[in-house]
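A short worksheet on the structure shown next.
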Amino acid sequence: MKRPVHGGNLVWAAEQIGCPVSSILDFSASINPLGPPPSVLAAIQGALDSLQHYPDPNYTQLGKTLSQWHQLPPEWILPGNGAAELLTWAGRDLAQEKQTYVMIPGFKDYWRGLQAYGANIVPVSFPWQTPNALNFLDRFQDTDAGIIINNPHNPTGQLFTRERLLPVLERFKLVVVDEAFMDFVPPAQQESLIPLIADYPNLVIVRSLTKFYTLPGLRLGYAIAHPQRLQKWQAWRDPWPVNSLAVAAGIAAIKDEVFAQQTQQWLLSAREQLLTSLSQIQGLTPLPNFVNFLLVETQIPSSQLQQELLQMYRILIRDCLSFETLGDRYFRVAVRTVEDNKKLLEGLSDICAE
């Protein structure tokens with residue numbers, strides 16, 4: 001089996017060491033360890049009878065719930081089979097432009113959607129290690145091109161402010177902003193472009209509900225854009241891309257404000273504790289950020305660390321071989337519970353001390 005491009009491939013990890021998938025502690029996928037919320041599990045249980053019927057092709061109830069949440073008309077929102085499906089249609093849209101700028105390092109799945117439709121991809125190095133890293137966007141003046149931006153950025157966790165992105169909206173013909181991790185940013189610090197969507201017909205925002213609410217196996221996301229663009233995407237894709245259980249789960253998740261507050265409170269302290277503890281391990285330098293994962297510079301090759309953690313402790317971390325310019329010098333870990341984080345720290349401490 002090939003080395004995975006994404007995190008969370010427990011089948012691959014289990015095959016490497018010959019163990020059951022259930023015995024692996026997964027730090028490679030940046031998923032909220034507190035969920036799924038009980039309200040969501042109850043909603044799924046209550047929706048089992050709906051499996052006897054086709055889903056509503058317009059996802060009316062989910063659309064209404066999302067529209068109330070974001071204070072937008074329902075026709076400005078398109079639910080999808082995870083953010084990945086919606087990024088496919090974003091790739092098709094971007095491929096119609098003269099060229100599309102893609103940041104490196106960055107989420108590799110953008111390339112999949114763009115290459116599938118023959119886009120002219122222009123990789124752009126993101127100088128994330130420099131003091132004024134976010135100023136690199138100022139050099140782009142190409143009004144005939146498209147660009148896709150990850151905010152907060154994966155894998156560095158850096159956050160672009162609205163002010164830094166406004167000039168990009170003015171200069172580019174199509175701007176796709178992937179906000180998959182925005183829900184993990186403290187509410188007072190979030191920099192979502194959703195409040196600007198009505199003013200920019202060239203803006204598309206893609207969001208995920210699977211990471212924050214711990215539903216990666218169910219697949220649910222949504223896009224926000226001008227209705228004409230979303231109608232075009234709807235015509236491109238297969239009917240019923242979102243299943244009935246995902247619809248029920250999404251409605252319940254969005255309404256569960258208590259779970260959202262619990263997650264924000266947990267993350268603030270858990271991330272800081274993990275960051276501090278990792279920085280005390282010789283040979284590791286974790287980088288502070290705003291989200292539920294940490295990028296860590298390592299003196300030991302990350303692929304070696306990954307294999308040794310798997311073999312000795314059945315812990316899976318994300319190497320950064322699929323992120324251009326990072327390679328074996330970095331790895332990424334999710335922020336998990338205190339107990340889980342302790343196991344990771346013990347394993348890394350032992351390996352790095354050898």
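The values are calculated or read from the model by the stated rules, or taken from the named source; none is laboratory data. Because the structure is a prediction, the values reported are computed rather than measured. Here the Cβ is made from the backbone with ideal geometry for all residues, glycine too, and neighbour counts use every protein chain on show.
Among the conditions (1) in contact with a strand residue (DSSP E or B) (Cβ under 9 Å, 6 or more places away or on another chain); (2) farther than 27 Å from Glu339 by Cβ, the only one that Gly46 does not satisfy is (1). If you go through the stretch 319-354 and pick out every residue that is within 18 Å of the chain's Cα centre (by Cα) and under 14 Å from Leu278 (Cβ atoms), you end up with 6.
Given the structure, is Arg92 assigned to a helix (DSSP H, G or I) and touching a residue at least 40 places away in the same chain (Cβ under 8 Å)? So Arg92 passes the test. For the stretch 325-335, which residues satisfy the criterion of being surrounded by 23 or more Cβ atoms within 10 Å (Cβ to Cβ) and within 27 Å of Gly18 (Cβ to Cβ)? Phe331, Arg332, Val333, Ala334 - these are the residues of the stretch 325-335 that are surrounded by 23 or more Cβ atoms within 10 Å (Cβ to Cβ) and within 27 Å of Gly18 (Cβ to Cβ).
Can you find a residue in the stretch 77-87 that is under 24 Å from Pro187 (Cα atoms) and in a helix (DSSP H, G or I)? Within the stretch 77-87 (the criterion being under 24 Å from Pro187 (Cα atoms) and in a helix (DSSP H, G or I)), the answer is yes, since at least one residue qualifies.
Taking each residue of the stretch 106-132 that is closer than 14 Å to Leu326 by Cα and looking for partners that are in a loop (DSSP other than H, G, I, E, B) with beta-carbon atoms closer than 6 Å, six or more apart or interchain, yields Phe107/Asn154; Lys108/Val5; Lys108/Ser322; Trp128/Thr156; Trp128/Gln158. Restricting the stretch 155-178 to residues that are outside any helix (DSSP H, G or I) and within 15 Å of Leu134 (Cβ to Cβ), the residue that is modelled with the highest pLDDT is Val177. Filter the stretch 152-194 down to the residues that are of a type in the set (D, E, K, R) and crowded, with 19+ Cβ neighbours inside 10 Å, then identify the one that is farthest from Pro288 (Cα to Cα). The residue in question is Asp178.
Exactly one residue among Ile197, Ile149 is surrounded by 22 or more Cβ atoms within 10 Å (Cβ to Cβ) and not in a loop (DSSP other than H, G, I, E, B), and that residue is Ile149.
Quick grid of which residues meet (1) assigned to a helix (DSSP H, G or I); (2) under 23 Å from the mean Cα position of the chain (by Cα):
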position: Ser28; (1), (2): no, yes
position: Gly35; (1), (2): no, yes
position: Val40; (1), (2): yes, yes
position: Pro57; (1), (2): no, no
position: Leu66; (1), (2): yes, yes
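Scanning the stretch 274-324 for residues that are on the phi > 0 side of the Ramachandran plot and surrounded by fewer than 16 Cβ atoms within 10 Å (Cβ to Cβ) yields one hit, Gly283.
Per-residue answers, yes or no, for (1) at pLDDT 90 or above; (2) in contact with a helix residue (DSSP H, G or I) (Cβ under 7 Å, 6 or more places away or on another chain); (3) not aromatic (Phe, Trp, Tyr):
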residue	(1), (2), (3)
Asn9	no, no, yes
Asp26	yes, yes, yes
Ala43	yes, yes, yes
Asp49	yes, no, yes
Thr60	yes, no, yes
Gln68	yes, no, yes
Pro74	yes, yes, yes
Ile77	yes, yes, yes
Leu86	yes, no, yes
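Number of residues in the stretch 223-263 that are buried (at least 16 other Cβ atoms within 10 Å of the Cβ) and under 22 Å from Leu34 (Cα atoms): the value is 15.
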